[in-house]
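Participant: Starting off with a structure, shown below.
Read the figures in this text as sums done on the coordinates, not as results from a lab. Keep in mind that this is a model prediction, so the values were computed, not measured. Cβ atoms come from the backbone with ideal geometry, glycine included; neighbour counts cover every protein chain shown.
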Amino acid sequence: MFSILQKYTDPLVHLFFPHYCVGCSTDVIAKTQWLCSRCVQSLPATNFLHTAQNPVEIPLAARMPIEAAAAAYYFTRKGILHNAIMQLKYHNYPEVGVYLGKLLGEQLLQSERFQQVDALVPLPLNAKKQALRGYNQAAKIVEGITAVWPKPILTEAVARRQFTKTQTKESRVNRWENMQAVFEIVDEAALTGKHILLVDDVITTGATIESCGHTILAVPNTKLSVAAVGYTSSH
Ligand SMILES: [Zn+2]
């Protein structure tokens, strides 16, 4: 039997019909929305976008020259944002990324700290992972950001190599060393002289952002800022 639940969990159906909120899974909302108004209002805002020396920026700035770094919301285990990001990354809902990107884009639009950015780069996934997922979630977030904060997108300028060593049991230093060669510049001319905003879904240790950031900063006359939808100090 084709139950109501099955009907509403089909991503294609979501595009055309009212569906459940990806935050609370209880409220039915319009096809253009992904979070109900109650969930949007209870997203735990960090206010980092308006604050220098915030918890995302401090550790990154200690490790490389950056202009500004921030995340819009706290990412807490089993929280609304956690539910939404799970749908985005593991349940084939790319539109949730666009939606979250718009929320982040509205904050970027209002933040004086990010107005010098020239172009956006979504943190690249490796090709195998992207093929498996069907899309890069960071690229979907960037798509949403630029819908409200129009800036050029450089999706193909940086790539992530296929192979990375299993990193779970290694120390942070070793992990960072292994990350060094993970990213490579594909289109140097597109990046040269630009202030790049590197975008990811959730920032935890910042190790991957740092690795990609170093790769971008090796291109002549580049500046770097970082933005993410979520921030968590631990998994
Ligand atoms: Zn909700």
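Participant: Check the straight Cα-Cα distances from residue 89 and name the aspartates and glutamates below 19 Å, setting aside those fewer than 8 residues away within the same chain.
Facilitator: Within the straight-line limit of under 19 Å, residue 89 reaches these aspartates and glutamates: 10, 143, 200, 201.
Participant: Counting only C-alpha contacts under 8 Å and six or more residues apart, can you give the relative contact order of the range 43-231 as a whole percent?
Facilitator: Answer for the range 43-231 is 27 percent.
Participant: Within the set of other residues whose C-beta is less than 12 Å from the C-beta of residue 138, count the net charge using Lys and Arg as +1 and Asp and Glu as -1.
Facilitator: Charge balance in the 12 Å sphere: +2.
Participant: What full-extension length gain, to one decimal in nm, is calculated for residue 90 and residue 27 as 0.36 nm per residue of separation minus the Cα-Cα distance?
Facilitator: Separation in residues times 0.36 nm, less the Cα-Cα distance, equals 20.6 nm.
Participant: While we're on this one: Give me the percent of Cα-Cα pairs in the range 43-231 that sit more than 31 Å apart, rounded to a whole number.
Facilitator: So the portion of pairs separated by more than 31 Å is 9 percent.
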